[in-house]
Amino acid sequence: MTAVRRVPTQPIEGQKPGTSGLRKKTRVFMTPGYLENYAEATLQAVGVKGATLILGGDGRFFNDKAAQILLKMAAAHGAARVVVGRGALLSTPAASALIRARRAQGGFIMSASHNPGGLDADFGLKFNMANGGPAPESVTDAIFALTKKLSEYLILEAPDVDLARLGESRLGEMVVEVVDPVECWRETVAPLFDFEAIRALFASGFQMRFDAMHAVTGPYAKAILEGDLGAPAGTVINGEPSPDFGGGHPDPNPVWAKPLMDEMYGPAAPDFGAASDGDGDRNMIVGRSCYVSPSDSLAVLAANAPLAPGYAEGLAGVARSMPTSRAADRVAAARGMNFFETPTGWKFFGNLLDAGKVTLCGEESAGTGSDHVREKDGLWAVLLWLNILAARRQSVAEILQAHWREFGRDYYTRHDYEALDSAFAEGLMNDLCAALPSLPGKSFAGLAVEKADEFAYRDPVDGSLTERQGIRIYFAGDARAVLRLSGTGTEGATLRIYLERFEPDPARHAQDPQEALADLAAAVEALTHLRASSGREGPDVRT
Ligand code: G16
């Protein structure tokens, strides 16, 4: 027997979605009524009567239980069908692909992305729209407003659904369809690449290591790399998704993917290394003794994409988030493509992709993607790199150096100060904003400020204005510092400082980025006194 139950609930403060949905400590999400309150607000805001929805997550702790709650609430709200990845698993790009392929009204993605998982770590939930992309701010604002005034939520009283078995079952009137989590995504990306050329590359002895970081991409990477492309078994490591990501931090960067970095910089390094994050949308690319920064990776992909069949006719344009380095701008200018600078957050690319203004997008936070879905896609980026390597038959380092020779090099680093007191961090940003008009002409640690502003974005498609998206300070010598508060943390505030400088001279391309940017870091400290006032000796993470 099934019946819709109306459960009284108190409005919950603080359920404001950040850069990509709501992220909180797992224990907070598990508090009775907490997940339900946010889900109720979402279901009411988007309206799901008669709708087809997609559901899946990155397999982190509470993923399975949250899936059952979301299914029963979707049924209580009159959804007609929910398509779920087996085991309630779906990578974020796979969820995006499924929403599009099934013409669904949208989908729930259960993930806190690259944040650690487990009872004492993080959980997250976001809703993606019919185009497959994250909900725009108009929708997340409406969800937030509802969370603050709900007095009840609706849920179907019914036994749990068996999500381990493929096929259809019913939850009240609603059909639950369990599908293979890999298949739809694989069918979406396969036609974009020259699999024959990549197979030939592997057959020639080319070696690769893909670190799935115990997160969701393991099954995807095994199916496509070791299955379709014939890479030897063992190419994919840490390939079994685990609820706490093997106790690790599934963030593909040189700090958290250190074992892979050590292998790639060691004596027996394979030709190519890559990693992906908790929910499979981020990527790290590394050659033999050659780390490729996400900003450089976007620029290299933009310059070489036409080597892959899916992009053979060229790109309409490229977009990058504001703190991402300006390397991609140079490719767009040289190739006569559209170019856009957007606020941080993949949702800002959606309109540009839907309108056909850009084909490729990327962010410094290790996200790259194209118009095949409306999310960044970690394995897609890896496949495009493989396609380029197969076509050019050069090493990653050779490709990167040739790129810098042609376009110049944008030295780049990001310094993160994590878990700062929120009031302190906001105060620092407010003070800096107030001082912006007075900065041009002044020097800090010997570097003169030329221009300073706070980034605001007017969407060229729908005209909406998004303000307060980070501070940009341009210094003499084609250098830039950006400061912004993270929208994905779950503890205090994280202040990110992005530093970059353009170097056109190939004779000066071999410096270490930290050294090349040390004077810029000193200028930012002289301007903000961050270390002195926070009592920190330096950033917690430098990437
Ligand atoms: C999310 C968004 C990304 C964005 C990143 C920024 O990444 O999807 O588009 O670049 O947040 O993070 P922060 O605000 O901490 O700098 P993900 O991979 O966590 O979904």
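The values are calculated or read from the model by the stated rules, or taken from the named source; none is laboratory data. Keep in mind the model is a prediction, meaning the values are calculated, not measured. Counting neighbours? That spans all protein chains shown, and the Cβs are built from the backbone with ideal geometry, glycine included. Ligands, DNA and RNA are excluded from the accessible area calculation, which covers all protein heavy atoms including side chains. Shrake-Rupley method; radii C 1.70, N 1.55, O 1.52, S 1.80 Å.
Miscellaneous remarks
- Enumerated strands (runs of 3 or more DSSP E) restricted to region 408-502, each holding at least 3 residues that are farther than 23 Å from Leu22 by Cα and open to solvent by 30 Å² or more (accessible area, probe 1.4 Å): 447-454
- Members of region 309-348 that are under 22 Å from Phe407 (Cβ atoms), within 16 Å of the ligand (Cβ to nearest atom) and among the hydrophobic types (A, V, I, L, M, F, W, C): Val318, Ala319, Met322, Ala328, Phe340
- Contacts under 7 angstrom Cβ, first residue in region 479-493 being more than 10 Å from the ligand (Cβ to nearest atom), partner polar (S, T, N, Q), 6 or more apart: Thr490/Asn115; Gly492/Ser422; Ala493/Ser422
- Verdict on Gly57 being among the small types (Gly, Ala, Ser) and at positive phi: no
- Positions within region 349-359 being out of contact with any Asp or Glu (no Cβ under 6 Å at 6 or more places or on another chain) and either small (Gly, Ala, Ser) or more than 13 Å from the ligand (Cβ to nearest atom) (or both), in sequence order: Gly350, Leu352, Asp354, Ala355, Gly356, Lys357, Val358
- Odd one out for Gly362 among (1) out of contact with any Leu (no Cβ under 6 Å at 6 or more places or on another chain); (2) under 24 Å from Asp416 (Cα atoms); (3) within 16 Å of the ligand (Cβ to nearest atom): (1)
- Of all the criteria given as (1) crowded, with 23+ Cβ neighbours inside 10 Å; (2) within 16 Å of the ligand (Cβ to nearest atom), the one not satisfied by Asn131 is (1).
- Extreme residue, nearest to the ligand (Cβ to nearest atom), among residues of region 98-115 that are open to solvent by 10 Å² or more (accessible area, probe 1.4 Å) and at pLDDT below 95: His114
- Boolean, Ala95 is among the small types (Gly, Ala, Ser), within 16 Å of the ligand (Cβ to nearest atom) and either open to solvent by 10 Å² or more (accessible area, probe 1.4 Å) or in contact (Cβ under 8 Å) with a residue 12 or more places away in the chain (or both): yes
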